[in-house]
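Input: a single structure, listed below in structure tokens.
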Amino acid sequence: MSLTRSAIEAMAPDQAALTAAASLLKPAKWPVRARAGGLIWGECQGSGANPYRVAADTEDIGSKCTCPSRKFPCKHAIALMWLFVEDGTAFQPSDIPAWVGDWIGRRRKGAAPQAAVSAGEAKSLSLAQPAVADKAADPKAEARRQAAAQKRAQDTGRAVRAGTEDLDGWIADQLRTGLPGFLAAAGERCRRIAARLVDAKAGSLASRVDEMPSRLLALRPEERIDGAIAELGKLALLTRAFRAAPDDPDLRREVVGSETREELLADPRAPRLASLWEVLGERVLTRRDGLVSQATWLMNLTPGPQRFAVLLDFFPASAGRRSGAFVAGERFPAELVFYPAPAPLRAVIARRDASCEARDPWPETAADPYADLGEQALAVPWRIEMPVLLPEGRICAEASGAAWWRSSDGALVPVRQPLPAIALGAQIEGAVGIWDGTRLALLAAQTNWGRLGFDAGT
Amino acid sequence: MQELEAALARMRSAWMAGGSALDHCPDAWRQPVAGHAEAALVALAGHASSVLFRHTPASPIEPRPLLPALALPILPDELRPLFRRILAAKGGPSIEQHLIALIACRGFAVHPSDWLPSPQDDGAPDIYAPWIDWARAESRAKSDDKSDAKAGDQADEATLTVENYEGWSWASRRVALANLRIKDPAAALAIIAAKAAHEPAERRLRLLEILETRLSEADAAFLEGLAQDRSDRVRAIAQACLARLGRTAENSSEATELAAMVEVGKLGLFRSRTRLVVKALKNSAQELRRQQLFKLVGAATLARALGTSELRLVEAAPDGTSDSIDSFIQMMARTGSDSALRALLQVMLADAAPVRHLRALAPRLSANERRTLLPEIIARDTAELDTALLVAGRELGTAPLAPLLASAAYTELSGLLDAFRGEDFRQTPKHNSLGGALNRIALLLDATGAADLITRLGQCGLSPADPRLDLLRLNAALTREKTP
């Protein structure tokens, strides 16, 4: 079977998939489209922060996508093939990347979908093309909708406020009954208060509290009391700040929930920055609520106040393991849109050009990383993780085996382990890590052995 | 600051015990926290701790020595993902040693963030000795092991001598001695003779293995001195080396006993050749005894007991049961003279004996001999190419494609590809066998052969992106000639 419009129509699961694919036909959504022989692949900027990787075999119409959709083929795969049929020349001849090779190695030939049967439904690419929607003009209905939305917002605001006060009381209870008891029962206690926060519409805050036991257990036993004080302290700061400014977008994000990608892109307050970015690394975390968070850290290679960005996505753990959209060390020009915050960090990619071989050095940084961390802590004191760029130094180990980064001037930062063996034997020309208040989880370093990446997944 | 630190400690203690920290906080905090005491206090305490105080190690720390550079260039960046993928694949760990050796044969070293030898990795190519030393220093630092502690950076010393021996780390000593043995056997013998007694048994064994290269009568006195060595294995190797030199203190009764269990036969009517015949014995107990005797008796001694010489004994390939032939060849490998060994090798090949019997001879072969033999062994080996890989040793990536195309390995590969092209090829053992078969072949072929095979496999329907071709692709891409 070769790739034709008819073939695409035949193997699409239903008309809805074709319609959804039609919304992805804009070239701007595909910063990467390439081909080699009968293979095509691309990256599609969907609703998430990280693009989806899509590959297809034009000879037997097998396909693969990293999105969590259960439809097969998904709208991204259909869109990729549709774009290819419409204009194959837009797909650049290229070497087959490793992630496409992995898929080819694992797939079964002949496993491509046969014509999908949709009872009584005609599937058509032509019908899938988006039509201009008629906008019904009904001012009264619109007014009613707005009033209802306003009431809902007020009710939600009251519920969230009550939830934060509830949390403050809970924090005080944990302290009054003793932190050792809290640590011993952290899982159960945090789960209960998180459930109350969910009921109070404070979803983000609930997730943060629900994940607190994991963060505390990741510390050494002798560090957990101080870790609990830090965690509870940040929560108290956050709830107090939110009640003082409930409409602040960053605080709402931390307590209630994030804006959608579309809302963010449409927000005139959202800072935008076009620059050259380097992918530092990826951290994947499986949460207690069944979601997996995928954080891709980027560094701005152009000197300026906005040094870092993190692309954050969530998907169900049941969707299986997803490969990252980027390769650590990859560099590309892109315009990022940041979620508004006192110290913006989380962002989405608005526009991205193809990866390039730019050899720009890493930005320079102050000799004392604690000064940078102190500034971040003052700007956003409830933030759990803070990225920091370290200057030249060495990774050293205590007699106990505990690892430290040490600057040429003697500044010391404890480093999370395990570390690759080479880390102790390399001259660090610069390093980037995520500081969690106790330890630094390294993401990448420039060394006398070239660029080193660190597996920062948890 | 000290007052604040003390106050924070008291607050912490209060929360440890359970209770309010209000009475323990700094005076300046009391009024602002009124009404929300505990939550506000923990906010202030947590924030103060994070921005005002720094972590310090419990004991002084110093950086370790930098990982030294190696004599070979590092694998090019564009090939490193391929290397990592091969190592991470299902069959990766089983071919790791071979993979490292192949890359070294082609004149490259692996990037240290992709692979580092372990402290005990004596099997790594010699080029990695500085990294083994570094890993050992790391391991010693963690275990407080002071042995070999005097060994330091020998970068200032160009040549190993008796005087500077202790200044070299073990891995570097071993490599230096091995190289010296080739160039100046007497100088290497002098160092080993002077220092072996001070080394632990495992290292004495490694030193003796070095003496096996260019073994000569000049080594006899030292070897005879090892007759009283406290290690059985050291004594056994010393005796084997002496046997190769025609000097033996073996028990003649054992030789007589073994001679009674074998025969000297003739092969051919005209220009008949002498050969050893090792027929099946009456029972397994006798078979077992014969195998034991082959391990105890030397080649020259057996020949004498049979009324012949070593060289005459190997005029033709031995005849007999497969296990007994293996036992005889292992005896020759252990104790046969260089000339007898090579004569045996030639007749085994000429008489078309199964190549698996040649495995025992591999350790006695030079690098050149391995490379020369390899094409014929590949052509005659079984589909698993076990003998070819063993004989190749570290001389990987040197065989042309032609002998492979005539081999059982290629026949099996073709069969696996036919199955792969089938309509519904599933994850059967055959599917997994394809990767293993391709890896073994990829380790043996030269770069041109690897590239040609990739082309052939593409014509057979295997996608050029198939990860099972990774090792062939790496082989084909490693075209830098090895720096001698």
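Please treat every number below as a calculation from the coordinates, not as lab data. What you are looking at is a predicted structure, and each value in this text was computed from that prediction instead of being measured. In this analysis, Cβ positions are derived from the backbone assuming ideal geometry, glycine residues included, and neighbour counts consider all displayed protein chains.
Do me a favour and compute the ellipsoid semi-axes for segment B:245-313 from its Cα gyration tensor, root of five times each eigenvalue, largest one first, whole Å. Don't skip to the answer; put the middle values down first.
Details: eigenvalues 88, 63, 12 Å².
For segment B:245-313, the semi-axes come out at 21, 18, 8 Å.
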Counting DSSP beta bridges with both ends in the protein assembly as shown, the antiparallel % (nearest 5): 90
Using only Cα atoms, locate the centre of segment A:134-211 and the centre of segment B:244-282, then give the distance between them in Å, rounded to an integer. 91
Could you size up the charge dipole of segment A:235-378 around its Cα centre, putting +1 on the beta carbon of Lys and Arg and -1 on that of Asp and Glu, and report it in debye to the nearest 20? 460
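Under the definition of Cα pairs under 8 Å and six or more residues apart, what whole-number percent is the relative contact order of segment A:166-220?
That works out to 30 percent.
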Would you tally the net charge around B:Leu281, using a Cβ to Cβ cut-off of less than 10 Å, leaving B:Leu281 out, and scoring K and R as +1, D and E as -1? +3
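Can you give me the Rg/Rh ratio for the protein assembly as shown, using Cα atoms for both radii and the Kirkwood formula for Rh?
Rounded to two decimals, Rg over Rh is 1.06.
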Would you mind pulling out the separation of the Cα centroids of segment B:389-405 and segment A:304-382, in Å? 49
Can you give the percent of C-alpha pairs in chain B whose distance is more than 39 Å? 45
Between segment B:311-335 and segment B:30-93, how far is it from one alpha carbon centroid to the other, in angstrom? 60
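How many partner chain Cβ atoms sit within 10 Å of a residue's Cβ in peptide A:237-245, on average, as a whole number?
On the way: counts 7, 1, 3, 4, 1, 0, 0, 0, 0.
Per-residue shielding by partner chains comes out at 2.
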Using only alpha carbon positions, build the gyration tensor of segment A:297-382, then give the equivalent ellipsoid semi-axes as the square roots of 5 times its eigenvalues, largest first, whole angstrom. 24, 20, 13
In square nanometres, what is one fourth of the surface area of the convex hull spanned by the alpha carbons of segment B:292-420? 8.7
How do B:229-242, A:348-361, B:35-48 rank on mean C-beta neighbours within 10 Å, highest first? B:35-48, B:229-242, A:348-361
Reachable aspartates and glutamates from B:Lys295, criterion Cα separation under 16 angstrom, eight or more residues apart if same chain: B:Asp232, B:Glu250, B:Glu254, B:Glu257, B:Glu287, B:Asp323, B:Asp326
Dividing the surface of the Cα convex hull of segment B:9-57 by four yields a projected area in nm² of 3.8
With the cut-off at 26 Å, tell me which of the pairs A:Lys29/A:Lys201; A:Lys71/B:Lys90; A:Lys26/A:Lys71 have Cα atoms farther apart than that. A:Lys29/A:Lys201; A:Lys71/B:Lys90
Averaged over A:85-98, number of beta-carbon atoms from partner chains that fall within 10 Å: 1
Let me know the charge dipole size of the protein assembly as shown about its Cα centre in debye, to the nearest 20, where only the beta-carbon of Lys, Arg (+1) and Asp, Glu (-1) is charged. 1820
Using all Cα-Cα distances in chain A, what percent lands in each 20 angstrom bin from 0 up to the longest? 21, 50, 27, 2
Out of B:Gly19, B:Leu390, A:Ala309 - ranked by how far each Cα lies towards the positive end of the dipole of the protein assembly as shown, with unit charges on the beta-carbon of charged residues - the top one is B:Leu390
Computed log₁₀ I(q)/I(0) - Debye formula, equal Cα scatterers, no solvent, segment A:344-442, q 0.14, 0.20, 0.23 Å⁻¹: -0.62, -1.07, -1.24
Can you check what the net charge comes to around A:Gln146, using other residues whose Cβ is under 13 Å from the Cβ of A:Gln146 (Lys, Arg +1; Asp, Glu -1)? +3
Expressed as an acute angle from 0 to 90° and rounded to the nearest 10, what is the orientation of the C-alpha long axis of helix A:224-244 relative to the principal long axis of chain A? 70
To the nearest 10 degrees, how steep is helix A:203-217 against the longest Cα principal axis of chain A, on a 0 to 90 scale? 60
Count the net charge of all other residues whose Cβ sits under 11 Å from the Cβ of B:Ser366, scoring Lys and Arg as +1 and Asp and Glu as -1. +2
Could you give the angle, 0 to 90 degrees to the nearest 10, between helix A:186-199's Cα long axis and the longest principal axis of the Cα atoms of chain A? 60
